[in-house]
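What follows is one structure encoded as structure tokens, with my remarks underneath.
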Amino acid sequence: MISNDELRVQFPDIYEQQARQAILDNGIETHIKAGEMLMDIGQYIKYIPLVISGNLKILREDNEGNELLLYYLRPGETCAMSLTCCTGDSLSNVRAVAEEDTYAIAIPVKFMDEWTQEYRSFKHFVLLTYQRRYEELLRTIDGIAFQKLDERLTALLKEKSKAHGSNILSVTHQELAQELNSSREVISRLLKQLERMQFVRLGRNKIEILKVM
């Protein structure tokens, strides 16, 4: 179980000890294995995740089942989409999948209104979460609207490398294609180009980033 001091280190914006203790007293320890879903589209939001370790990817899906990566949740972060849905008691419009084994504290949504009114730092944390996710969504939109697919691919590889803290990524071409809403054949061709340029080294379900792209 994480301590109050450890929670302070992970979530410095929640600076009130009473707010952190409320999280520890009422939150539920949650372990999500890599590839498992924490939340799916169409479900009611019952808990808000505070990521302690690992990371989650937040995805949207169109009517044909194609997925689009919106952003990652890293340690010290929570999901703005979940916050938005829980305040209106509406269904989730995103999917949360563990990119790697992830440990989070799940906060029951019934506490959200109470804590944002009672704890100034918790309210500040929620507002900062909205701001940061909004900025990330703008970058996602800019990438779709203004970047070529090869630029979006290299940006995604760098984002994954940053999220995992490693230049070796365990990911398939199909998974990258789904996150970029493209085809496996196109992504494979672009990765081969990057390999010829010695930016990456390709292996079986593995991509090693050799230098900054």
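Values quoted throughout were computed directly from the atomic coordinates according to the rules given, and no laboratory measurement underlies them. Bear in mind that the values here come from a model prediction, so they are computed numbers and not experimental data. Note: ideal-geometry Cβ built from the backbone for every residue, glycine included; neighbour counts use all protein chains shown.
For the residues Ala98, Ala145, Ala80, a GNM of the chain with alpha-carbon springs under 10 Å puts the largest fluctuation on Ala145. Note on Gln174 and Phe199: their simple-model spin labels are 2.5 nm apart, each label 7 Å out from Cα toward Cβ.
Given a Förster distance of 30 Å, report the FRET efficiency between Gln17 and Gln43 from their Cβ-Cβ distance, rounded to the nearest 0.05.
For R0 = 30 Å, the calculated efficiency reads 0.35.
Amide H to amide H, with H built 1.01 Å from N, Asp101 comes under 5 Å of Ala34, counting only residues 5 or more places away or on other chains.
Each residue of region 171-182 was assigned a 3J(HN,Hα) from its phi angle through the Karplus curve 6.51 cos²θ - 1.76 cosθ + 1.60 (θ = phi - 60°); the sequence is 8, 9, 4, 5, 5, 5, 4, 5, 5, 9, 6, 10 Hz, with glycine and proline shown as x.
Could you tell me the center-to-center distance, by alpha carbons, between region 1-72 and region 139-213 in angstrom? That distance is 25 Å.
Count Lys and Arg as plus one, Asp and Glu as minus one, and take only other residues whose Cβ is under 15 Å from that of Asp101; the net charge is then -1.
Relative intensity of region 30-92 on a log10 scale, I(q)/I(0) at q = 0.21 Å⁻¹, equals -0.93, per a Debye sum over C-alpha point scatterers of equal strength in the absence of solvent.
Measuring between alpha carbons in the structure, the pairs from Lys57/Lys123; Lys46/Lys162; Lys160/Lys206; Lys33/Lys211; Lys123/Lys158 lying more than 22 angstrom apart are Lys57/Lys123; Lys46/Lys162; Lys33/Lys211; Lys123/Lys158. With no solvent and one equal point scatterer placed on each C-alpha of the chain, evaluate the Debye formula and give log10 I(q)/I(0) for q = 0.16 Å⁻¹, two decimals. Calculated log10 I(q)/I(0) at the listed q: -1.08. Given R0 = 25 Å, the distance between the Cβ atoms of Lys192 and Ile144 translates into a calculated FRET efficiency of 0.60.
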